[in-house]
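As structure tokens, the structure follows; a few thoughts come after it.
The values are calculated or read from the model by the stated rules, or taken from the named source; none is laboratory data. Remember, it's a predicted structure, so these values are computed and weren't measured experimentally. Positions of Cβ are generated from backbone atoms using ideal geometry, with glycine treated the same way; all protein chains shown enter the neighbour counts.
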Amino acid sequence: MHYITFNKKSKCYTVRMQLKYILLVNRNFTYAGYGSSRKALVAAKAYRDKMAVEHDKKIMIAGKRSPKTISDNNISGVIGVHMTSTTRKNGETYYSWEASWRSGEGAKRKPKRRRFAILEYGNDKAFSLAVSARKEGIAQD
């Protein structure tokens with residue numbers, strides 16, 4: 001779960017959000033305070049979502065797999081798609097467009113990626129294939 005952790009020792013969920021090393025939120029939701037673990041988790045999710053909206057959606061919102069805004073250093077214009085290069089032992093450098101996303105649930109989420117070589121597909125086609133691969137990867141999750 002984004003921004004929610006569980007502490008077995010203190011039996012509570014903690015919502016912790018930070019943006020560029022600035023702590024925005026750090027709040028505990030204990031079982032005792034909410035009557036059950038389920039109620040504590042529901043309260044933690046609601047609080048997290050409220051804080052995400054209040055902080056201008058610069059952090060991820062519940063249930064979404066991608067940030068709501070594109071970072072300043074994103075040159076492709078598409079979240080999760082970037083150009084990458086590979087230099088072989090012979091010194092030749094190859095470029096490709098790479099799509100990346102996470103698949104699975106909770107702590108078992110694993111990073112996934114697909115690359116499309118510019119040499120093989122051409123720049124425009126490789127880029128559009130990467131965008132499509134990311135959309136399909138997120139949709140399957």
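Tell me, which residue of segment 109-141 that is assigned to a loop (DSSP other than H, G, I, E, B) and either closer than 20 Å to residue 93 by Cβ or not acidic (Asp, Glu) (or both) is nearest to the chain's Cα centre (by Cα)? Checked segment 109-141; the qualifying residue nearest to the chain's Cα centre (by Cα) is 109. Pairs linking a residue in segment 88-102 that is closer than 19 Å to residue 120 by Cβ and outside the structural domain of residue 114 (by TED's automatic domain parsing) to a residue that is modelled with pLDDT of 90 or more and among the aromatic types (Phe, Trp, Tyr), with Cβ atoms under 9 Å and 6 or more positions apart or on different chains, do not occur. Scanning segment 106-138 for residues that are within 18 Å of residue 77 (Cα to Cα) and of a type in the set (Phe, Trp, Tyr) gives 116, 127.
Among the residues of segment 113-141, those identified as of a type in the set (Lys, Arg), under 10 Å from residue 97 (Cα atoms) and surrounded by 14 or more Cβ atoms within 10 Å (Cβ to Cβ) are 114, 115.
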